[in-house]
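Have a look at the structure below before the remarks.
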Amino acid sequence: MSLFGKYVKTAAIAATALGLAVGAAQAEKKDLTIAYVEWSDAVVATNIIKTVLEDKGYKVKIVPLSGAAMWQAVATGEADAMVAAWLPATHAAYNAKLKDKVVDLGPNVTGAKIGWAVPTYVDITTIEDIKKDPAKFGGKVIGIDPGAGLMKASEKAVKDYGLPVKLVEGSDATMVAALKDAYAKKEPIVVTTWTPHWMFAEWDLKYLADPKGVFGGEETVNTVVSTKLKEEAPEAYKILDNFSLSLDDEQKVMVENNKPGADPAATAKAWVAANKDKVDTWTK
């Protein structure tokens, strides 16, 4: 083969390789699914990251699931990510089972916690105090969705503290509705709750001390993605890895979401537009 022939062959191989590389880049996954639990904070964070990814050209579907189903969806690749993994305690069971099938990108919120709370007008300070007069609270602690990590911890609290009360299953919305009604009447009530949550901006509440440590200490809310995401959508992976919010950020948007007629997608877009400098640190 002539020198020219070798040159042409080499150039053709290089061009083919370049074409394959360009094709691979163009083939980056653009349809993403983010799973979340319908907790007030998760609604805020999920809609914010959805807005940011969509502004970068991704088509994002968000899917509300139970905590267990959310983790399972990311582990199987049915969902690409979640920004609502409470660790180390609340979602400990899910993490222990599935941590080898997902990628934990670390905290997007710090300073989170779970526990039981009462209005400040209620004259008790610890979980143990409920035993003194459980009838005052109707013999109930108002809970959220069954199977949630907070509910599992609450079941343990009832047992460990020997409380003669019923843990009532429901949802974030039904728990808040019960609190709102009791607060308006200045009636005693105990609710399962967490921080960040807009209820602390709306009403004067206090956490009950947990001397047995059933609810653990300070937690983080982590971003967890599928094992394939870094390869399939590297830019989205980087944005998710950089994503972070403060408790104050989340609680302010939660208050907006709680206003009559509010649309979480719209409040998220407004926040992103008003916080361009912060968003730029995620997308740089």
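Looking at this structure, is residue 220 within 22 Å of the chain's Cα centre (by Cα), part of a strand (DSSP E or B), surrounded by 15 or more Cβ atoms within 10 Å (Cβ to Cβ) and polar (S, T, N, Q)?
Working: within 22 Å of the chain's Cα centre (by Cα): yes; part of a strand (DSSP E or B): yes; surrounded by 15 or more Cβ atoms within 10 Å (Cβ to Cβ): yes; polar (S, T, N, Q): yes.
Criteria met by residue 220.
Anything in segment 155-176 that is farther than 14 Å from residue 197 by Cβ and open to solvent by 30 Å² or more (accessible area, probe 1.4 Å)? List them, or say none.
Residues satisfying the conditions are 155, 156, 159, 160, 162, 164, 166, 167, 168, 169, 174.
If residue 267 meets every condition in (1) under 27 Å from residue 153 (Cα atoms); (2) surrounded by 21 or more Cβ atoms within 10 Å (Cβ to Cβ); (3) more than 15 Å from the chain's Cα centre (by Cα); (4) of a type in the set (S, T, N, Q) apart from one, which number is that one?
Going through (1) under 27 Å from residue 153 (Cα atoms); (2) surrounded by 21 or more Cβ atoms within 10 Å (Cβ to Cβ); (3) more than 15 Å from the chain's Cα centre (by Cα); (4) of a type in the set (S, T, N, Q) one by one, residue 267 breaks only (1).
For segment 99-129, what are the residues that are of a type in the set (A, V, I, L, M) and under 17 Å from the mean Cα position of the chain (by Cα)?
Listed by number, the residues that qualify are 102, 103, 105, 109, 112, 114.
Does segment 168-181 contain at least one residue that is modelled with pLDDT under 95, aliphatic (A, V, I, L, M), part of a helix (DSSP H, G or I) and farther than 19 Å from residue 112 by Cα?
Yes, segment 168-181 contains a residue that is modelled with pLDDT under 95, aliphatic (A, V, I, L, M), part of a helix (DSSP H, G or I) and farther than 19 Å from residue 112 by Cα.
Here's the yes/no breakdown for (1) at pLDDT 95 or above; (2) touching a strand residue (DSSP E or B) at 6+ places or on another chain (Cβ under 6 Å):
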{"site": "92", "(1), (2)": "no, no"}
{"site": "98", "(1), (2)": "yes, no"}
{"site": "102", "(1), (2)": "yes, yes"}
{"site": "107", "(1), (2)": "yes, yes"}
{"site": "111", "(1), (2)": "no, no"}
{"site": "140", "(1), (2)": "yes, yes"}
{"site": "160", "(1), (2)": "yes, no"}
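Take the residues in segment 35-46 that are in contact with a helix residue (DSSP H, G or I) (Cβ under 6 Å, 6 or more places away or on another chain) and β-branched (Val, Ile, Thr); name whichever of them is most open to solvent (accessible area, probe 1.4 Å).
The extreme case among them is 43.
Checking the conditions here, which among 198, 194 is open to solvent by less than 60 Å² (accessible area, probe 1.4 Å), touching a residue at least 12 places away in the same chain (Cβ under 8 Å) and over 15 Å from residue 151 (Cβ atoms)?
None of the others qualify; the one that does is 198.
Inside segment 92-129, can you point out the residues that are open to solvent by less than 10 Å² (accessible area, probe 1.4 Å) and either of a type in the set (D, E, K, R) or under 18 Å from residue 46 (Cα atoms) (or both)?
Answer for segment 92-129, where residues must be open to solvent by less than 10 Å² (accessible area, probe 1.4 Å) and either of a type in the set (D, E, K, R) or under 18 Å from residue 46 (Cα atoms) (or both): 108, 109, 112.
Here are 212, 238, 259: which of them is basic (Lys, Arg), over 26 Å from residue 154 (Cβ atoms) and not in a helix (DSSP H, G or I)? If you could, list the steps in order and put the result at the bottom.
Numbers: 212 fails: over 26 Å from residue 154 (Cβ atoms); 238 fails: not in a helix (DSSP H, G or I).
Going through 212, 238, 259 in turn, just one is basic (Lys, Arg), over 26 Å from residue 154 (Cβ atoms) and not in a helix (DSSP H, G or I): 259.
Within segment 223-237, which residues are closer than 21 Å to residue 57 by Cβ, open to solvent by 40 Å² or more (accessible area, probe 1.4 Å) and touching a residue at least 12 places away in the same chain (Cβ under 8 Å)? Before you say what the answer is, go through the steps one by one.
Quick first cut of segment 223-237, residues closer than 21 Å to residue 57 by Cβ only: 223, 225-226, 228-237.
Restricting the remaining residues to those that are open to solvent by 40 Å² or more (accessible area, probe 1.4 Å) gives 228, 230-232, 234-235.
Result: 228, 230, 232, 234, 235.
Of all residues in segment 247-264, which are within 19 Å of residue 177 (Cβ to Cβ) and open to solvent by less than 40 Å² (accessible area, probe 1.4 Å)?
254, 257, 262 - these are the residues of segment 247-264 that are within 19 Å of residue 177 (Cβ to Cβ) and open to solvent by less than 40 Å² (accessible area, probe 1.4 Å).
Filter segment 43-84 down to the residues that are touching a residue at least 60 places away in the same chain (Cβ under 8 Å) and closer than 16 Å to residue 263 by Cα and list them by number.
Correct list: 43, 44, 45, 47, 48, 49, 50, 51.
Quick one: count up the residues across segment 130-148 that are more than 31 Å from the chain's Cα centre (by Cα), open to solvent by less than 50 Å² (accessible area, probe 1.4 Å) and acidic (Asp, Glu).
Count: 0.
Of everything in segment 47-58 that's more than 22 Å from residue 102 (Cα to Cα) and either in contact with an Asp or Glu (Cβ under 7 Å, 6 or more places away or on another chain) or not hydrophobic (A, V, I, L, M, F, W, C) (or both), which residue is surrounded by the most Cβ atoms within 10 Å (Cβ to Cβ)?
By that ranking, first place goes to 51.
Checking the condition modelled with pLDDT of 95 or more and of a type in the set (Lys, Arg), which residue from 259, 252, 206, 284 passes? Please lay out each step first, then the result.
Numbers: 259 fails: modelled with pLDDT of 95 or more; 252 fails: modelled with pLDDT of 95 or more; 284 fails: modelled with pLDDT of 95 or more.
Exactly one of 259, 252, 206, 284 is modelled with pLDDT of 95 or more and of a type in the set (Lys, Arg), namely 206.
Among the residues that make up segment 127-148, is at least one of them without any contact (Cβ under 8 Å) to a residue 24 or more places away in the chain and either within 15 Å of residue 213 (Cα to Cα) or assigned to a helix (DSSP H, G or I) (or both)?
Yes, the conditions are met somewhere in segment 127-148.
The values are calculated or read from the model by the stated rules, or taken from the named source; none is laboratory data. Computed from a predicted model, the values in this text were never measured in an experiment. Note that each Cβ is placed from the backbone with ideal geometry, even for glycine, and that neighbours are counted across all protein chains shown. Just so you know, the surface numbers come from the protein's heavy atoms only, side chains and all, with ligands and any DNA or RNA stripped out. Shrake-Rupley method; radii C 1.70, N 1.55, O 1.52, S 1.80 Å.
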